[in-house]
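Everything below concerns the one structure shown next.
The values are calculated or read from the model by the stated rules, or taken from the named source; none is laboratory data. Keep in mind that what you see is a predicted model, and the values were worked out from it rather than measured. As a convention, Cβ positions derive from the backbone with ideal geometry for all residues, glycine included, and neighbour counts pool all protein chains shown.
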């Protein structure tokens, strides 16, 4: 049984292909139900739900308004709410937790370290399996012997307990529960009306599928208490698709786009010795780096559920996905949907327009850093030195007459000054004290260290 909905332009053949891929995943991985959606240019372009809520052939079919637990994708909402506090000047990311939530053993970790799982905080609680048992208040969790396993800032160590602490920080800063903050500041402005802390209305039950037989076992569902900020939210394909649009950069009035970019930078690498790194953590967001292609989002799992959110940084295309099964192949397999979509429906290139800055004409062309040749070009409103992403290639934005600032690469945030002769012509460029001259080591360009009188020989 299926339920699907599509908006926007999509080749019907692509839709049928994605339908088949999802159906094969549901069958081959023995998942009671699955639901997924792809977003592009601000909305859903393909979505589908398959299977039944109880896994039986005669059961109630899943649809796109069925709630599933999103698990740790919850952390991205908590993180955005924390960064809103920072942007409002109410905290600093280098503040220690103790400054906002005093009295716990975790107070030495900074807010930034907790957001990026670099605080060294233990991964789970000391009590019974918190995902399958009711949770208590923050005071109870803080009074338990939770500890920091590693020196704060030393390494990546995923911590659900750390996000419980961030949820408590939100509650104390606003004088209301962490979810009331998330609902008021994020869900309501984004019209995510089907995202809740407990199942409401049409919701999938969670199941464990026996590894050696086609039988199911119900998984428990409860209020996780202080641990809820680590993974308790429920949502639908249509609601989480709105969050994917947000992650793609359409932040509206909820968050400054520059803040989202800051959150999506890789802050701490998830290092697996002997393996090249492919995933890092930013401030609440996972960051994937697969063959040079970046994506942000988060995975989620709770007893009875698996979920995923991934947005391609360059294209803005995104995938949301759910199943109501505790385990089994899901994440990499469902990710094929986005790969196949991009290959079959490549984005239309943006048309070129003559929108450049005439004021850069005396800066473009060949420059020399010592004997190294660098090409300067004007691309739109930016001055570009070299090839961004290669060596020290960087883009620069104008901040004042003859003053520029690096936007990426080695020169990110660094100053570039245009030095002119008395007659107004350009003598050289001063880039972080390096001299770029029109000829190699131009003796008239005030090269630091001077130029040998004998010149080139």
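Residue 395 meets all of the listed conditions (1) in contact (Cβ under 8 Å) with a residue 40 or more places away in the chain; (2) in contact with a strand residue (DSSP E or B) (Cβ under 7 Å, 6 or more places away or on another chain) but one, namely (1).
Tell me yes or no: at least one residue of the stretch 141-154 is more than 30 Å from residue 103 (Cα to Cα) and touching a helix residue (DSSP H, G or I) at 6+ places or on another chain (Cβ under 7 Å). Talk me through it step by step, then tell me what you get.
Applying the first criterion (more than 30 Å from residue 103 (Cα to Cα)) to the stretch 141-154 yields none.
Within the stretch 141-154, not a single residue is more than 30 Å from residue 103 (Cα to Cα) and touching a helix residue (DSSP H, G or I) at 6+ places or on another chain (Cβ under 7 Å).
Can you pull out every residue in the stretch 255-267 that is surrounded by 18 or more Cβ atoms within 10 Å (Cβ to Cβ) and assigned to a loop (DSSP other than H, G, I, E, B)?
As a first pass, look at the stretch 255-267 and keep what is surrounded by 18 or more Cβ atoms within 10 Å (Cβ to Cβ): 255, 260, 263-264, 266-267.
Result: 255, 264, 266, 267.
Remark: pairs (first residue in the stretch 134-154, farther than 22 Å from residue 172 by Cβ; second residue part of a helix (DSSP H, G or I) and at pLDDT 90 or above; Cβ separation under 7 Å; 6+ apart in sequence or on different chains) = 134/225; 153/113. State whether one or more residues within the stretch 79-94 are part of a strand (DSSP E or B), surrounded by 14 or more Cβ atoms within 10 Å (Cβ to Cβ) and in the same structural domain as residue 264 (by TED's automatic domain parsing). No, because not a single residue in the stretch 79-94 is part of a strand (DSSP E or B), surrounded by 14 or more Cβ atoms within 10 Å (Cβ to Cβ) and in the same structural domain as residue 264 (by TED's automatic domain parsing). With respect to being touching a strand residue (DSSP E or B) at 6+ places or on another chain (Cβ under 7 Å), outside the structural domain of residue 266 (by TED's automatic domain parsing) and loosely packed, with under 11 Cβ neighbours inside 10 Å, residue 455 falls outside the description. Looking across the stretch 163-203, the residues that are within 30 Å of residue 120 (Cβ to Cβ) and either part of a loop (DSSP other than H, G, I, E, B) or outside the structural domain of residue 285 (by TED's automatic domain parsing) (or both) come down to 175, 176, 177, 197. Just one of the listed residues (101, 146) is modelled with pLDDT under 90, part of a loop (DSSP other than H, G, I, E, B) and assigned by TED's automatic domain parsing to the domain that holds residue 186, namely 146.
In the stretch 212-222, the residue that is surrounded by the most Cβ atoms within 10 Å (Cβ to Cβ) out of those that are part of a loop (DSSP other than H, G, I, E, B) and without any contact (Cβ under 8 Å) to a residue 24 or more places away in the chain is 215. Residue 226 passes every criterion in (1) more than 30 Å from residue 49 (Cα to Cα); (2) surrounded by fewer than 22 Cβ atoms within 10 Å (Cβ to Cβ) apart from (2).
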